[in-house]
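Here is the structure we will look at, set down as structure tokens.
Just so it is clear, none of the values below were taken in a lab; they were calculated from the coordinates. The shown structure was predicted, so the numbers you read here are calculated from the model rather than taken from an experiment. Methodologically, a virtual Cβ is constructed for each residue, glycine included, from the backbone with ideal geometry; neighbour enumeration extends over all protein chains shown.
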Amino acid sequence: MKSRFFPLFAVLAGLAAPASANAALTEIAPLGTASAGCPGFAEQDCAVVLARQTAFQAKVGTTKAFTTVKSSGHVVAWTVSLVSVSAEGVKNVNSRYGGAPRAALVVLAPLGKSRYKVVEKGPLVDLTKYLGTNPTFALPTALPVKAGYVVGITVPTWAPMLQLGLGGDTSWRSSKPLKESVDKDYRPQRALVGTNAEASFGALYQRVRMAYSAVMVPTPTPAKTKK
């Protein structure tokens, strides 16, 4: 029996049932050639792991509000770039951060004064078998978004998805309290999971990019009625 393969566009458009079938796809925080890692860094300085926090990319180069939604619609898929980790390394990091690498896409609504609240969240994905690749995950249920919302990532354990060595004009924000932003101990749980749905994202990290993106189907504009 022959296997049948369908174009990604068709799969994503099918998932976005609430939106018009002919709406154009929009990429939020496009990855382009960006990938997780830190070429040129000494091994002990290559800290690419995002651990036990919820976060979003704030700025990349001259582009501000890099992961902010520009119009209403539905997010239907997301992509993440992951660094390869040895089996022994996975075992060691798993024991430190409470389990296998896992992450979920989240939609954050701004509350003012750097505070955000999780209003939508995709399912947690075990990333173990995807380490060293750039997987794209279709969401089983499209996540509704509005203009001004932010698309972020929540990581209750760990995920090797950071790109280091960038300019000072690139930065991301974390749910880790500002007073702990320079603390290298990431074992306390700061991810927005369970009933913990909002936090201050005052902690800003520069010269680093979170290597993820999302695909959105914008809500189509109705045709103007001729008088």
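This table checks each residue for (1) over 19 Å from Pro177 (Cβ atoms); (2) among the β-branched types (Val, Ile, Thr).
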{"residue": "Trp78", "(1), (2)": "yes, no"}
{"residue": "Leu82", "(1), (2)": "yes, no"}
{"residue": "Arg96", "(1), (2)": "yes, no"}
{"residue": "Gly99", "(1), (2)": "yes, no"}
{"residue": "Val107", "(1), (2)": "yes, yes"}
{"residue": "Gly112", "(1), (2)": "no, no"}
{"residue": "Ala138", "(1), (2)": "yes, no"}
{"residue": "Val150", "(1), (2)": "no, yes"}
{"residue": "Pro156", "(1), (2)": "no, no"}
Exception for Gln206 within (1) buried (at least 16 other Cβ atoms within 10 Å of the Cβ); (2) more than 20 Å from Asn94 (Cα to Cα) falls at (1)
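For (1) buried (at least 20 other Cβ atoms within 10 Å of the Cβ); (2) over 24 Å from Gly165 (Cβ atoms); (3) out of contact with any Phe, Trp or Tyr (no Cβ under 8 Å at 6 or more places or on another chain), each residue gets a yes or a no:
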| site | (1), (2), (3) |
| --- | --- |
| Ala47 | no, no, yes |
| Gly61 | no, no, yes |
| Ala65 | no, no, yes |
| Ser71 | no, yes, yes |
| His74 | yes, yes, yes |
| Ala77 | yes, yes, no |
| Ser84 | no, no, yes |
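Can you tell which of Arg115, Arg96 is within 20 Å of Asn196 (Cβ to Cβ) and among the charged types (D, E, K, R)? Give the derivation first.
Details: Arg96 fails: within 20 Å of Asn196 (Cβ to Cβ).
Going through Arg115, Arg96 in turn, just one is within 20 Å of Asn196 (Cβ to Cβ) and among the charged types (D, E, K, R): Arg115.
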When every residue in the stretch 99-121 that is assigned to a loop (DSSP other than H, G, I, E, B) and without any contact (Cβ under 8 Å) to a residue 60 or more places away in the chain is compared, the one farthest from the chain's Cα centre (by Cα) is Gly99
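Would you check if Ser84 is closer than 17 Å to Ala211 by Cα and not in a strand (DSSP E or B)?
Numbers: closer than 17 Å to Ala211 by Cα: yes; not in a strand (DSSP E or B): yes.
The answer is yes for Ser84.
Name the residues in the stretch 90-136 that are charged (D, E, K, R) and either within 16 Å of Arg190 (Cβ to Cβ) or surrounded by 16 or more Cβ atoms within 10 Å (Cβ to Cβ) (or both), would you? Outline the logic, then answer.
Step one: of the stretch 90-136, the residues charged (D, E, K, R) are 91, 96, 102, 113, 115, 117, 120-121, 126, 129.
Passing the criteria: Arg96, Arg102, Arg115, Lys117, Glu120, Lys121.
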Could you tell me whether any residue of the stretch 49-56 is assigned to a loop (DSSP other than H, G, I, E, B) and in contact (Cβ under 8 Å) with a residue 60 or more places away in the chain?
no
